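One structure is given below, encoded as structure tokens.
The values are calculated or read from the model by the stated rules, or taken from the named source; none is laboratory data. On a predicted model such as this, the values are computed, not experimentally measured, just so you know. Reconstructed Cβ throughout: ideal geometry from the backbone, glycine too, with neighbour counts over all protein chains shown. Surface accessibility is based on the protein's heavy atoms, side chains included, excluding ligands, DNA and RNA. Shrake-Rupley method; radii C 1.70, N 1.55, O 1.52, S 1.80 Å.
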Amino acid sequence: QAQLVESGGGLVQPGGSLRLSCAASGRIFTIYSMNWYRQPPGKQRELVAASFGDASVTYADSVKGRFTISRDNATNTVYLQMNSLKPEDTAVYYCNADIGGYYYWGQGTQVTVSS
């Protein structure tokens, strides 16, 4: 079993920045991908950014140019740097990872963008 623990959410004004972190721990053999999803109020969960084992990344169109996903393979940690935040970025952000062929989820962290 593996666990994902997120941190870094909070309240920020429009145009501000936040950095989310997600650390994987437990029985970890191979991490194939580490990803960030979000669920805005009253909406379905959606993929924000993904980081794959070959170092390739992908982003939702709504965050391209503003968010950056990165990984530290030595510590099994994935980050999401969020810049130029907008009110529509308000959501619960979830870390997700494919570890050894099983998908794990973090507990979620709230990001609120409001003046």
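Taken over the range 61-115, the residue count meeting the criterion of being of a type in the set (D, E, K, R), in contact (Cβ under 8 Å) with a residue 60 or more places away in the chain and in a strand (DSSP E or B) is 1.
The residues of the range 20-47 that are open to solvent by 50 Å² or more (accessible area, probe 1.4 Å) and either acidic (Asp, Glu) or within 13 Å of residue 92 (Cβ to Cβ) (or both), listed by number, are 37, 39, 41, 42, 43, 44, 45, 46. The number of residues in the range 85-106 being of a type in the set (S, T, N, Q) and either under 25 Å from residue 13 (Cβ atoms) or modelled with pLDDT under 95 (or both) comes to 1. Just give me the residues in the range 84-99 being more than 11 Å from residue 24 (Cβ to Cβ) and open to solvent by less than 60 Å² (accessible area, probe 1.4 Å), in sequence order. 85, 89, 90, 91, 92, 93, 94 - these are the residues of the range 84-99 that are more than 11 Å from residue 24 (Cβ to Cβ) and open to solvent by less than 60 Å² (accessible area, probe 1.4 Å).
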